[in-house]
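Here is the structure we will look at.
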Amino acid sequence: MKYYSTNKQESGVCLEDAVVKGLAADKGLYMPDRIKSLPDDFYQEIDRLSFQEIAYRVADAFFGEDIPTDTLQDIVYDTLRFDTPLMPVSDHIWSLELFHGPTLAFKDVGARFMARLLGYFIRKEGKEQVNVLVATSGDTGSAVANGFLGVEGIHVYVLYPKGKVSEIQEKQFTTLGQNITAIEVDGTFDDCQALVKSAFMDKELNAHMQLTSANSINVARFLPQAFYYFYAYAQLKQAGKADNVVICVPSGNFGNITAGLFGKRMGLPVRRFIAANNRNDVFYQYLQTGIYTPRPSIATIANAMDVGAPSNFARVLDLYGEDHTAICADISGATYTDEQIAETMRQTWQQHHYLLDPHGACGYRALTEGLQPGEEGIFLETAHPAKFKDTVERIIGEPVTIPAKLQAFMQGEKQSVPLSKEFSDFKNYLLTRE
Ligand SMILES: *Cc1c(COP(=O)(O)O)cnc(C)c1O
């Protein structure tokens, strides 16, 4: 399979280059040349297949031409060593729980898959060590660090702003050791991101060591997210309720929902999608007006969705040939204030005894308001509520139990390298590493 850039200046790129580069040289996002439909018999028997079997069939459609069958199967099976169960919440509304992975958020799926795929390329080429640089405001760092933990040939540097991530988040990437190094930058998230960008542009550094990024625009992180859309459908079919499925995705950078749209293009019988936003609602505005106006993000309680210029918007446009009418036919939008998100969390806890996290709450609410008679709704519960313990406890007025997996991180000892926000310091540090 070849990949082209959404900016159309690059095409015919092989999978390995697309994965190692991440972003195309013309600053566009890579798209696969073709999106293969899966055969009817697959959809007929899908409710009798396991998550891993389903995921392998989907992975094969994208990566099968470039990766040997056994290897791809190993990568898929090892990535998905946890379940993503579909749980009933209220009338015709189901939660697809994507928080049963190591860091309790959906980003585990893409990060684990990408780590294993990159590890395969490194082994195959006999490449020297590849160094992954990732700046994080919290959640991405933990998913990437844990996804890449122990993968041979890769070293990960997580840059995070000192004192600006929660204790739980910090523990998830500073206690791992092995091939993971946490760098505690005396600055903001933007400073961390600027350091990473400068590193990628620095000739001397790139001659010294192979650098790559693991952010969410990478095709190896983005495409595997399609797996659980198919599995969600399979679970609904098992329950005999898969005739008119609507899937609602709490969205920030729009990588997650775009993977679902790819699934629909492969024939997955989803009637329509809903993109749920917090107050950062440039996509919602685009749906209403046809005009896309990125703007600076504003802070909300669903902070992983605080994105003012969603990077995967380019992929949505490309997928629909920039046709606003076609986009509106498949996707509708919703947008909620912090007060509405909190109200939804409180009510759902009181009425249905289901604890939503602030992101999932946007998705659930959009279904309660937007589902039509005869439709069955699935929202993606993108993270475990305990990851936002303080916010959730304040809203529901009750203590939240921390799952054992999160507790285990809390017991580890924090290890980090303190650095200033000056690029020269970061560069010297990297140059003297090997
Ligand atoms: C990253 C994230 C999102 C947003 O996903 P996108 O793919 O960026 O749209 C939503 N919820 C949680 C908990 C996240 O970590």
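The values are calculated or read from the model by the stated rules, or taken from the named source; none is laboratory data. The structure presented is a predicted model; accordingly, all values stated were derived computationally and were not measured. Neighbour counts are summed over all protein chains in view; Cβ atoms, including those assigned to glycine, are modelled from backbone coordinates with ideal geometry.
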When Q350 is run through (1) surrounded by 16 or more Cβ atoms within 10 Å (Cβ to Cβ); (2) in a helix (DSSP H, G or I); (3) not small (G, A, S), the failure sits at (1)
Listed by first then second residue, the pairs whose first member lies in region 416-434 and is of a type in the set (S, T, Y), whose partner is assigned to a loop (DSSP other than H, G, I, E, B), with beta carbons under 9 Å and at least 6 positions apart or on separate chains, are S416/K162; S420/D186; S420/G187
Every residue from region 43-59 that is touching a helix residue (DSSP H, G or I) at 6+ places or on another chain (Cβ under 6 Å) and either modelled with pLDDT under 95 or aromatic (F, W, Y) (or both): F51, Y56
Could you check region 11-28 and list, in sequence order, the residues that are over 20 Å from L117 (Cβ atoms) and buried (at least 19 other Cβ atoms within 10 Å of the Cβ)? G28
Can you name the residue in region 346-358 that is closer than 13 Å to S95 by Cβ and within 16 Å of the ligand (Cβ to nearest atom) and is also nearest to the chain's Cα centre (by Cα) among such residues? D357
Looking at region 409-434 only, could you name the residues that are assigned to a helix (DSSP H, G or I), among the aliphatic types (A, V, I, L, M) and at pLDDT 90 or above? L430, L431
Can you tell which of A145, A220, A234 is under 30 Å from L319 (Cβ atoms), within 23 Å of the chain's Cα centre (by Cα), within 16 Å of the ligand (Cβ to nearest atom) and of a type outside the set (S, T, N, Q)? A220
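Can you pull out the residues in region 80-98 that are touching a Pro at 6+ places or on another chain (Cβ under 7 Å) and of a type outside the set (A, V, I, L, M, F, W, C)? Can you show your working first?
To start, the set of residues in region 80-98 that are touching a Pro at 6+ places or on another chain (Cβ under 7 Å) comprises 94, 97.
Matches in region 80-98: E97 only.
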Pairs with Cβ under 9 Å, 6+ apart, first in region 121-139 and within 21 Å of L15 (Cα to Cα) and modelled with pLDDT of 80 or more, second among the aromatic types (F, W, Y) and surrounded by fewer than 19 Cβ atoms within 10 Å (Cβ to Cβ): L133/F200
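Considering only region 245-253, I want to know if a residue exists there that is more than 16 Å from the ligand (Cβ to nearest atom) and surrounded by fewer than 24 Cβ atoms within 10 Å (Cβ to Cβ).
Within region 245-253, the subset more than 16 Å from the ligand (Cβ to nearest atom) is 245-246.
From what's left, surrounded by fewer than 24 Cβ atoms within 10 Å (Cβ to Cβ): 245-246.
Yes, there is a match, as at least one residue in region 245-253 is more than 16 Å from the ligand (Cβ to nearest atom) and surrounded by fewer than 24 Cβ atoms within 10 Å (Cβ to Cβ).
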Qualifying position, being surrounded by 15 or more Cβ atoms within 10 Å (Cβ to Cβ), of a type in the set (V, I, T) and either free of Cβ contacts under 8 Å to residues at least 24 places away in the same chain or out of contact with any strand residue (DSSP E or B) (no Cβ under 9 Å at 6 or more places or on another chain) (or both), among V270, V282: V282
Does K107 satisfy the criteria of being under 28 Å from L319 (Cα atoms) and over 18 Å from the mean Cα position of the chain (by Cα)? no
Checking the conditions here, which among D190, D139, D186 is acidic (D, E) and within 16 Å of the ligand (Cβ to nearest atom)? D139
Among the candidates P403, P385, residue that is out of contact with any strand residue (DSSP E or B) (no Cβ under 8 Å at 6 or more places or on another chain) and either modelled with pLDDT under 95 or surrounded by fewer than 20 Cβ atoms within 10 Å (Cβ to Cβ) (or both): P403
Being within 26 Å of S142 (Cβ to Cβ), of a type in the set (G, A, S), modelled with pLDDT of 90 or more and crowded, with 21+ Cβ neighbours inside 10 Å narrows A226, A214 down to just A226
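Counting only residues that are more than 28 Å from L317 (Cβ to Cβ), give me the helices (runs of 4 or more DSSP H) lying completely in region 1-91 with at least 1 of them.
Numbers: elements: 15-21, 40-45, 51-63, 69-79.
Per the criteria, 40-45, 51-63, 69-79.
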Would you mention how many residues in region 308-325 are without any contact (Cβ under 8 Å) to a residue 12 or more places away in the chain and either assigned to a loop (DSSP other than H, G, I, E, B) or closer than 17 Å to A24 by Cβ (or both)? 4
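Name the residue that is farthest from V165 (Cα to Cα), counting only residues in region 373-394 that are away from the ligand (no atom under 16 Å from the Cβ) and touching a residue at least 60 places away in the same chain (Cβ under 8 Å). Full working, then the answer.
So the first thing to find is which residues in region 373-394 are away from the ligand (no atom under 16 Å from the Cβ), and the list is 373-377, 393-394.
Now narrow it down to the ones that are touching a residue at least 60 places away in the same chain (Cβ under 8 Å): 374-377.
Details: G374: 43, E375: 40, E376: 37, G377: 33 Å.
If we take residues in region 373-394 being away from the ligand (no atom under 16 Å from the Cβ) and touching a residue at least 60 places away in the same chain (Cβ under 8 Å), then G374 is farthest from V165 (Cα to Cα).
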By residue number, the members of region 288-307 that are within 15 Å of the ligand (Cβ to nearest atom) and either aromatic (F, W, Y) or in contact (Cβ under 8 Å) with a residue 40 or more places away in the chain (or both) are T300, I301, A302, N303, A304, M305, D306, V307
